[in-house]
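Down below is the structure, laid out as C-alpha cells.
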Amino acid sequence: MYSASTDESTLTAGFVAGDERALEGAYSRWSPLVYTIALRSLADVADAEDVTQKTFVSAWQGRHTFRADRARLPAWLVGIAKNTIADTHEARARRRRLEAELVASITVQGEETHEVDIADRIAIADEISLLEPDAQRVIRLAFFDDLTHSEIADRLGLPLGTVKSHIRRSLHRMRTRLEVTHAAPRP
C-alpha cells in the first residue's frame with residue numbers, strides 16, 4: 001500500500017493511525033536521513049545504527065503525540081534523532097568518566113598509597129569476578145591488556161556494540177557495588 005511514490009501526507013496519516021506498513025514506509029524513506037545525521041555526530045557506525053533504531057521505535061511508540069499542524073513527520077523524526085544522539089553523547093561521557101575512575105583506582109599512584117592501592121586492586125578484582133564470563137573477558141582486555149573496543153570485538157568475535165554494552169554495564173555495576181562497599185558511615 002505504501003511505496004516510494006506514496007505522498008507524505010498519506011504515509012503520515014497511516015503512521016499516526018498505527019498502520020505497520022506505514023512504519024515500514026517511513027523507515028524506508030527516512031532512516032537514511034536519521035542514520036546520516038547520527039553518523040556525522042557520533043562518528044561510529046554501531047552507535048548510528050542504534051540511534052536510527054531507537055528513533056523509529058520511539059517515534060512508533062509515541063506516534064500519538066505527533067502533531068501534523070506543528071511539524072512534518074521527517075522533521076519530527078529528526079527531532080527525536082537529535083535527542084537520541086544527545087543521550088548517546090551523554091552515555092559516552094558517563095562511560096568515559098567511569099572508565100577513568102576505574103583506571104585511576106587500579107593505577108598505583110605512589111609508595112605512600114601502596115597499601116590502599118593493593119586493597120583497591122583486590123576489591124576491583126573481586127568485582128570483576130562477579131561479572132558474567134563475557135563481561136569479565138571484555139573488562140580484562142580493556143583495562144589490563146589496554147585494547148580498544150574494536151580490538152576486543154575482533155579478538156572475541158563479538159559485535160562492537162556488544163563490547164561497548166558489556167563495558168558500560170560492567171563499569172556501572174562495579175561502580176555501584178564499590179560505592180556501597182566503600183561508603184563510610186557518617187558520625
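The values are calculated or read from the model by the stated rules, or taken from the named source; none is laboratory data. Every value quoted in this text rests on a predicted model; they were computed, and no experiment measured them. Neighbour counts are summed over all protein chains in view; Cβ atoms, including those assigned to glycine, are modelled from backbone coordinates with ideal geometry. Note: accessible area is taken over every heavy atom of the protein model, side chains too, but ligands, DNA and RNA are not part of it. Shrake-Rupley method; radii C 1.70, N 1.55, O 1.52, S 1.80 Å.
Based on Cα positions only, what radius of gyration and what Dmax would you give for region 48-89, in angstroms?
Values for region 48-89 (Cα only, Rg and Dmax): 10.1, 31 Å.
Report, to the nearest 10°, how far helix 73-106 tilts away from the longest principal axis of the Cα atoms in the chain, using its own Cα long axis and a range of 0 to 90°.
0 degrees
Would you mind telling me the share, in percent, of accessible area of the chain contributed by carbon and sulfur at probe 1.4 angstrom?
52 percent
Using r as the Cβ-Cβ distance of Arg169 and Thr36, and R0 as 30 Å, what FRET efficiency do you calculate, to the nearest 0.05?
0.60
By how many degrees, between 0 and 90 and to the nearest 10, does the Cα long axis of helix 20-42 differ from the longest principal axis of the chain?
50 degrees
Hey, with R₀ at 35 Å, roughly what FRET efficiency would Ala104 and Lys82 work out to, going by the Cβ-Cβ distance, to 0.05?
The value I calculate is 0.60.
Rounded to the nearest 500, what is the 222 nm mean residue ellipticity of the chain from helices alone, with -39500 (n - 2.57) per DSSP H run of 4+ residues and division by all residues?
Helices in the chain give a 222 nm mean residue ellipticity of -25500 deg cm²/dmol.
What is the angle, in °, between the Cα long axis of helix 114-129 and the longest principal axis of the Cα atoms in the chain? Nearest 10 is fine, range 0 to 90.
Tilt relative to the chain: about 50 degrees.
Just one of (i) 11.7; (ii) 9.1; (iii) 15.4 is mean projected area of the Cα convex hull in nm² as worked out from the coordinates here. Which one is it?
Recomputing mean projected area of the Cα convex hull in nm² here gives the entry labelled (iii).
Over the chain, what is the relative contact order in percent, taking alpha-carbon pairs closer than 8 angstrom and at least six residues apart?
Reported relative contact order: 15 percent.
Using the Cα atoms of region 1-100, I'd like the radius of gyration and the largest Cα-Cα distance, Dmax, both in angstrom.
14.7, 52
Leaving out ligands and nucleic acids, and using a 1.4 Å probe, what accessible area per residue does the chain come to in Å²?
61 Å²
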